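See below for the structure under consideration.
The values are calculated or read from the model by the stated rules, or taken from the named source; none is laboratory data. Since the model is a prediction, treat every value here as computed from it, not as a measurement. Here the Cβ positions follow ideal geometry from the backbone for every residue, glycine too, while neighbour counts run over all protein chains shown. We work out accessible area using only protein heavy atoms, side chains counted, and drop any ligands, DNA or RNA first. Shrake-Rupley method; radii C 1.70, N 1.55, O 1.52, S 1.80 Å.
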Amino acid sequence: MNRPLSRRNFISAAAAVSATALLPTRLFSAAATAPLFPAPSSATRRVTVRADSEIGVVRPEFHGHFVEHLGSCVYGGLWVGKNSRIPNIDGYRKQALEYLKDLGVPVLRWPGGCFADDYHWRDGIGPAAKRPKRVNIHWGGYVEDGSFGTHEFIGLCRLLDAEPYLAGNVGSSTPHELRDWIEYCNYPSGSTLSDERAANGSPDPFRVRYWGVGNESWGCGGNMRPEEYARLYRDFAVYCRVFGGTELYLVASGPSGDDTRWSRGLMDGLGWERPQGVSMHYYTGGGDVATSFTTDHVNEQLAIYSKVEEAIIHQRAVLDSYDHGRDVGLILDEWGVWDQIPEEDERRYGKLWQQSTIRSAVAAGLGLNIFNRLADKLYMCNIAQMVNVLQSLLLTDGPEGEHCVRTTTYHAFSMFKPHRTKTAVRIEADAPAPLGLSVSASKSDKELVVTFVNPHHDSDLHVECSIKGSDISSGKAQILHDADWNSFNSFDNPDRVVPKQHPVSIKESRVELELPRLSVATVVMPIR
Ligand code: AHR
């Protein structure tokens, strides 16, 4: 895709649909009447964490990632090659590996994106020197040498301890090609394809569970109508088999934003066939270049997260309305902020290279809070993208650059790490507006974790939080904050915006803290 068409469509499609009727009453009862950007009437916000009211497990996969052959995400970002002067481990950028290992990467999706439907996996196996050079038609028409292929991707996943998720080509390929890729990856030995894999250096099967069957098939993945895609999905799925005992989790290409026409058309067209997962993509567009947002555009972008929340609820309801639809996992396969991108930055650093500011971190916090609150409705969420593209976790100074910095978004993700594998619990709050205080909480036998996000650029909040159903008397808070919403971590000042300890008062299951404008704060409390 040559332009962020889908992003624009996502916003308008999402804004056009009202899912208010499907929203949980306590949390959203006033959403229909509240003004979009209300001036905060009081600087105090009161919330109650209902530790006695469970939602579902915060699956580590809610913190999943996505890498595409786009700009300097793979080539020059994660993959610098074994002979690079940039410190590397077997060709992977060492600094990136270290940062990503610290964060933990539960699942990693590859090779696209739009790129996936123009990728032929055989182009990326065998001796690197013999791999064909192909033009990347979606992202700038440059030539790729194929040196990062299936083995290199699986190697990256192994180094990061991430579950691999391969996106298959439906738009320009055949069921046979996808079937063979699965056999190549998963069959232990004795078939021509598995022996070829062994000859290419990997006698052990890759055991890849997650397989995307196309990407954005309504757009760059084939420009199809839902019934056309559903027909193709059925053709492909018949041949996607269990090889060597690895059960498959097939992901069908779902809607752009909250496009129910697509999801209903897909489910109707599938007939009795059920994928394990359906993906939706939802980008939150930005009116400005990342580092020079106006206040209006800050508000406008952050307010879209209430639409994201509605869209997830809405799409879940669509799936649930079909026989066995409840067994189909809802996957937010691509999400994040998509700001205006200066051509100069793209020339210097790569296509869709985008800075991440404290505003972006707050956006990430709003998204991750939503995933906790909707833990019973989601299966996996993958931020777009891991390095150097859109809302990335790491930035390098171009494909040749030696610098590698952790973005504010990286740090926002780290603030949510304590929630992983815990059970999300319900929140009771004043009726929120799209830009209200955002809260989520989760608990284990030992700990209660609460994350607060203040999306106001002009109002600090005093938060009073009561805990019901857990006995709490101590804890620690961390905060990610900068008073300048355009602040970011640069190559000269890589740690300008990092999490810091934050004062919090915790007495008799009552938590109080100051939440400055544009901040994400996580409080971790032992349960007595
Ligand atoms: O993440 C960038 C692009 O956005 C992906 O290639 C595509 O799936 C989406 O439109």
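Between Asp180 and Tyr142, the contour length at 0.36 nm per residue exceeds the Cα-Cα span by 10.9 nm.
In the stretch 251-362, taking the dipole from charged Cβ atoms about the Cα centre, the farthest positive-side position among Gln354, Ala252, Tyr282 is held by Ala252. In plain terms, the chain is cut at each of the GluC sites (Glu not before Pro) found in a DSSP loop with at most 13 other Cβ atoms within 10 Å, and the longest leftover piece is 1-246. Ligands, DNA and RNA aside, Asp288 has an accessible area near 30 Å² when probed at 1.4 Å.
Along the stretch 279-284 the Karplus relation, 6.51 cos²θ - 1.76 cosθ + 1.60 evaluated at θ = phi - 60°, assigns HN-Hα couplings of 9, 10, 10, 8, 9, 10 Hz to successive residues, with x for each Gly and Pro. For Asn200 and Ser490, a Förster radius of 51 Å and the Cβ-Cβ distance give a FRET efficiency of 0.80, rounded to the nearest 0.05.
Angle of helix 5-16 to the longest C-alpha principal axis of the chain, folded into 0 to 90 degrees and rounded to 10: 40°. Accessible area per residue for the stretch 173-300, computed on protein heavy atoms with a 1.4 Å probe, is 38 Å².
For the chain, the relative contact order works out to 21 percent when only alpha carbon pairs closer than 8 Å and six or more residues apart are counted.
If the Kirkwood radius is taken over C-alpha pairs of the chain, then at 37 °C and 0.692 mPa s the Stokes-Einstein diffusion coefficient equals 140 µm²/s. Projecting the Cα positions of His403, Pro127, Pro418 onto the charge dipole of the chain (unit charges on Cβ atoms of Lys, Arg, Asp and Glu, taken about the Cα centre) puts Pro418 furthest along the positive direction. In this calculation the C-beta distance from Ser466 to Arg225 is compared with R0 = 41 Å, giving a FRET efficiency of 0.20. A Cβ-based charge dipole, computed about the Cα centre of the stretch 213-268 with Lys and Arg at +1 and Asp and Glu at -1, lands at about 140 debye. A Cβ-based charge dipole, computed about the Cα centre of the stretch 321-473 with Lys and Arg at +1 and Asp and Glu at -1, lands at about 520 debye.
The loop-placed trypsin sites (Lys or Arg not before Pro) in the stretch 405-467, going by DSSP, that have at most 11 neighbouring Cβ atoms within 10 Å of their Cβ come out as Lys446. Sparse packing (at most 13 other Cβ atoms within 10 Å of the Cβ) combined with a DSSP loop state is found for the following trypsin sites (Lys or Arg not before Pro) in the stretch 211-299: Arg241.
Charge dipole (Cα centre; +1 on Lys/Arg Cβ, -1 on Asp/Glu Cβ; no other charges) of the stretch 76-197 amounts to roughly 400 debye. Once backbone amide H atoms are built at 1.01 Å from N, Gly219 has Met224 as its partners under 5 Å, excluding neighbours fewer than 5 places away on the same chain.
In the assembled protein chains, Cys465 presents an accessible area of approximately 0 Å² (probe radius 1.4 Å). Return, ordered by residue number, the residues of the stretch 195-213 whose backbone nitrogen is under 16 Å from a label point located 7 Å along Cα→Cβ of Asp235. Counting backbone N atoms under 16 Å from the label point, the list is 213.
Shown for the chain: cysteine residues without a partner Cβ closer than 4.7 Å, namely Cys73, Cys157, Cys185, Cys240, Cys381, Cys404, Cys465.
Entry note, the stretch 45-182: relative contact order of 24 percent, from Cα contacts under 8 Å with a spacing of 6+ residues.
Using the rule -39500 (n - 2.57) for each DSSP H run of four or more residues, divided by the residues of the chain, the 222 nm mean residue ellipticity is -8000 deg cm²/dmol. Take the Cα of Asn83, step 7 Å toward its Cβ, do the same at Arg134, and the gap between the two points is 2.4 nm. Taking all protein chains together and rolling a 1.4 Å probe, Asp323 ends up with roughly 120 Å² accessible.
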